[in-house]
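Okay, so here's the structure we're looking at.
The values are calculated or read from the model by the stated rules, or taken from the named source; none is laboratory data. Because the structure is a prediction, the values reported are computed rather than measured.
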Amino acid sequence: MNDGEKGFAFRKKTGRAAPRQEERREMMESLAQTRVQINQAYTGFNNTADPDLIESYVYEINALQSRYSYLLRMIKELDEDCAPEVEKMLPAGLERAETL
């Protein structure tokens, strides 16, 4: 059985465009996962009264926001044309992360 018969669509990668698009896709997935984790951390933060848990959520939110900013910056560097589209996905409050 040759590669074309395995049930997978194999494409030859030409130039730098295909690896760059794959890297961008992976970063977009990571960005979306990080956004979900930020929302989950905010939910936990809003639903607890324990001081230790509150402190834990503050650290978690700050770390996730740093990761989100990093991924956003890397995506912008990969493809400057997508910057306005990606910025629309910025979660509320991210630009004010230092206030936590």
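Keeping to the range 1-28, report how many residues are small (Gly, Ala, Ser) and modelled with pLDDT of 90 or more. The number of residues fulfilling the criteria is 0.
Filter the range 29-56 down to residues that are part of a helix (DSSP H, G or I) and either over 20 Å from residue 74 (Cα atoms) or modelled with pLDDT under 95 (or both), then give me how many there are.
Going through the range 29-56 one residue at a time, the tally reaches 14.
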